[in-house]
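The numbers here are math on the coordinates, done by the rules we state, and not lab data. All of these numbers come straight from a predicted model, not from anything done at the bench. As a convention, Cβ positions derive from the backbone with ideal geometry for all residues, glycine included, and neighbour counts pool all protein chains shown.
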There are 2 protein chains.
Amino acid sequence: MTASINDVARAAGVSASTVSRALRGRPGVSDEVRSQIAAVAAQLGYTASRSASSLASGRTYTIGVLVPYVGRWFFGTVLDAAEKVFSAAGYDVLLYNLGSAETRKRFFTRLPVRKRVDAVLSLLIPDDAESAALRSLGVPLATTVGGTRPGFTVVGIDDRAGTESAVRHLVNLGHRRIGMISGASGPLHWTTPIERRNAYLDVLADAGIEHDPALEADGDYTVEGGERAMTELLAASRPPTAVFAQSDEMAMGALRALRRHRLKVPEDVSVVGFDDHELADVVGLTTVAQPVAEQGAEAARLLLRQLDDPDAAPPAGQVQMPIRLVLRETTAPPRPRGPQ
Amino acid sequence: MTASINDVARAAGVSASTVSRALRGRPGVSDEVRSQIAAVAAQLGYTASRSASSLASGRTYTIGVLVPYVGRWFFGTVLDAAEKVFSAAGYDVLLYNLGSAETRKRFFTRLPVRKRVDAVLSLLIPDDAESAALRSLGVPLATTVGGTRPGFTVVGIDDRAGTESAVRHLVNLGHRRIGMISGASGPLHWTTPIERRNAYLDVLADAGIEHDPALEADGDYTVEGGERAMTELLAASRPPTAVFAQSDEMAMGALRALRRHRLKVPEDVSVVGFDDHELADVVGLTTVAQPVAEQGAEAARLLLRQLDDPDAAPPAGQVQMPIRLVLRETTAPPRPRGPQ
DNA sequence: CGCTGTTGCGCAAGCGTTTGCGTTCATATT
DNA sequence: AATATGAACGCAAACGCTTGCGCAACAGCG
């Protein structure tokens, strides 16, 4: 059907090995022969079969990317950027959408990437067993989320600092009843919600504000969850005058809930998010911005570097990307309403 | 390093062929031997090498998915749903992010999916040369966007009907100066913008409204583009009292522009979008909803069906998914301001 | 002019599966 | 009892590449 390396060899009057070497830029082929082979290959529309070459060489030139939810803005954006870096370097990407516990489990027990990828970029946090499974692949590993793990290159942000800047902003505006909409760490072994929560508590303590558990709600990192969580918070005996949401999506859900309750933002309640979602600007959301696409690109680059030079040690610790608080229109001083 | 089929065969005291047949559920193996092999394989942590098996069998059990922009909500959502269907059926997905003309060109000339996939799902519209290239792969093809093409099974929506319901809604509210923010069809050979534009023109004509070219602007299907386009429209000598945006993202950009111009929505200008973006509800956007994830899932299912039964003809024409106008808070009758 | 290096290329052995065909052996058929 | 019929399994040939090694041919060296 499609041309094989032998067809090219025959047509060019050389051996298959020479064709292989010529096309891949390996030494041992004269320039003359090389260009002639290139011409013949082009004319025949020849491309080496990936299965055959990876079987023979052990190199697959493909990267496995593990994502919890492709459809979510954050992950889609990271994936987008990472894919561009990989494909520019000649790598293909195998995508695994591991949102549900079920698919996730199946992935890690069957490990379909075995012998199929040269590296894996995980956008989800593997637990200990899962990390071990990944390490058993014997390929470079990277992640853009969660804390450092042995064997993984991680590029991320300073969750504490980001959260602190957000909550401190609220404190500085004069808020005392500051709620938080978080995502449960749940079975995902995700350290992010925990880090952010700790930072939130620290800022409150620092400001001499007593922590009120009724001011925390779980928003599941989704818009709907954020809406539910905000609704919960509003039902408290003394609702918050400001809310810090651990993601913009949850913040937007909160905005929706507030609108449904006919509460004005920021007059009645201030809201600050996290991420600087593409649409945060549209709704005027104050948020802490992180370079999402850049994180994906950087993680991809670090992976490629390790592939180019297998002895190179993976970067130690965590590569930190800058964050910054973006002030927009959902935060303001609390409305004065009589004595505290 | 990792166990091969021969290791399993040796450990089980059978030949490699028997192992292969046993593990893949092929006939010719007694139940007794089969289960014993399964046990040995599990104990050794054996998984067949994909490269080797696809080299030998010609089947790759992977699907190529072509996406223009993974990070955009629409495509991310389609991809998410499609991936779930594929992986549930035991297929892996190879992702190609073909947003720029450059990567796109490289993809179609080098055709890296050759001999690597059993089918391809294209979320972008290939031009004639590109379709021919894809057809030359000799595998089932599907797409979720654009018109019907020979050799492709396409699942989509009725763009005309969707647009008509949106624009008619504006007409029925009493609007006469109705603008449109579209996406240029450009080099993407995308029929969607054209279909929608035609429907827009038809509704206007039907309502006896003269078409004003100054009321059309290109929003590039992005938020920023939508904002620019809206700004353009507002600069017209007689700006529109209502705008139909061909996507929610552009509609949201328009909303932002309006806010910047201190114009109230829907009092000063009505806005209706297209897609029912996940966040459309947050901003209260009236829009025509289409089942985005379902389209991806359905396309994936149709592809799998063709793979199961290679002789089955691909579904003729286009599979149409339902659409529906979702009324929210960005549309209202035009503000009466003196004689027309 | 012999010797050592170097360069350019072909040979052939893998890489880990799948699969058509052949063999063996037990069972059914006449 | 002899023969046909399957079922269960092994053999070995692909599948299409890569790569270590061998072998010419040729250049440079003293």
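Structure above, values below:
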read-out	value
Phi to ³J(HN,Hα) by Karplus 6.51 cos²θ - 1.76 cosθ + 1.60 over the range B:52-65, Hz, x for Gly, Pro	5, 6, 6, 5, 6, 9, x, 8, 10, 6, 9, 10, x, 10
Antiparallel DSSP beta bridges within the protein assembly as shown, percent to nearest 5	10 percent
Amide H within-cut-off set for B:L325, under 5 Å, with H built and near neighbours excluded	B:A289
Cα-based helix-to-principal-axis angle, B:248-260 vs chain B, degrees rounded to 10	40 degrees
Unit charges on C-beta of K, R, D, E only; dipole of the range A:110-162, Debye	320 debye
Shielding by partners, peptide B:38-50 (average Cβ within 10 angstrom, other chains)	3
Range of Cα positions in the range B:5-48 per principal axis (Å), largest first	23, 18, 15
Trypsin sites (Lys or Arg not before Pro) restricted to the range B:215-286 and DSSP loop, no more than 15 other C-beta within 10 Å	B:R262, B:K264
Relative contact order %, chain A, counting alpha carbon pairs below 8 Å whose residues are six or more apart	17 percent
Lys/Arg +1, Asp/Glu -1 at C-beta; the range B:163-298 dipole; positive extreme among B:G179, B:T191, B:Q246	B:G179
In degrees, nearest ten, helix A:192-206 long axis to first principal axis of chain A (Cα)	30 degrees
Formal net charge of residues neighbouring B:R196 (Cβ-Cβ distance under 9 Å; K, R +1; D, E -1)	0
Between the range A:191-240 and the range A:73-109, the Cα center-to-center distance that results, in Å	31 Å
Residue-by-residue Karplus 3J(HN,Hα) for the range B:102-118, coefficients 6.51, -1.76, 1.60, Hz, glycine and proline x	5, 5, 4, 4, 4, 4, 6, 7, 8, 6, x, 7, 4, 6, 10, 10, 8
Loop GluC sites (Glu not before Pro), the range A:207-272 (other Cβ atoms within 10 Å of the site Cβ: 15 or fewer; DSSP)	A:E210, A:E267
Nearest-ten-degree value, helix A:73-88 long axis tilted from longest Cα axis of chain A	20 degrees
Positive-end extreme of charge dipole, the range B:5-48 - chosen from B:G25, B:L44, B:G13 (charges on Cβ)	B:G25
Whole-Hz ³J(HN,Hα) from phi, Karplus 6.51 cos²θ - 1.76 cosθ + 1.60, for the range A:149-161, glycine and proline x	9, x, x, 10, 8, 10, 10, x, 10, 8, 4, 4, 4
Radius of gyration and maximum dimension Dmax of the range B:52-133, Cα, Å	13.1, 39
Relative exposure of B:D281, A:D275, judged by other C-beta atoms within 10 Å (fewest first)	B:D281, A:D275
Nonlocal amide H pairs with B:D92, under 5 Å, H built at 1.01 Å	B:T62, B:I63
Cβ-defined net charge surrounding A:A242, 12 Å radius [Lys, Arg +1; Asp, Glu -1]	+2
Percent of beta bridges antiparallel (DSSP, chain A, rounded to nearest 5)	10 percent
Charge dipole of the range A:234-340 about the Cα centre (unit charges at C-beta), most positive-ward option of A:S270, A:G284, A:A299	A:S270
Quarter of Cα convex hull surface for chain B, i.e. mean projection, nm²	21.1 nm²
Over 22 Å (Cα to Cα) - which of A:K105/B:K84; A:K115/B:K115; A:K115/B:K105; B:K84/B:K105 fall in this group	A:K115/B:K105; B:K84/B:K105
Hits among lysines - C-alpha to C-alpha of B:K264 under 17 Å, sequence gap 8 or more where chains match	A:K264
Rg(Cα) / (2.2 N^0.38 Å) computed for the range A:204-340, rounded to two decimals	1.33
Net charge dipole size for the protein assembly as shown [Lys, Arg +1 and Asp, Glu -1 on Cβ; Debye, nearest 20]	1060 debye
Residue-averaged beta-carbon neighbours from other chains (10 angstrom radius) around A:253-266	1
Mean Cα-pair separation over length for the range A:5-48, i.e. relative contact order, pairs under 8 Å, 6 or more apart, %	40 percent
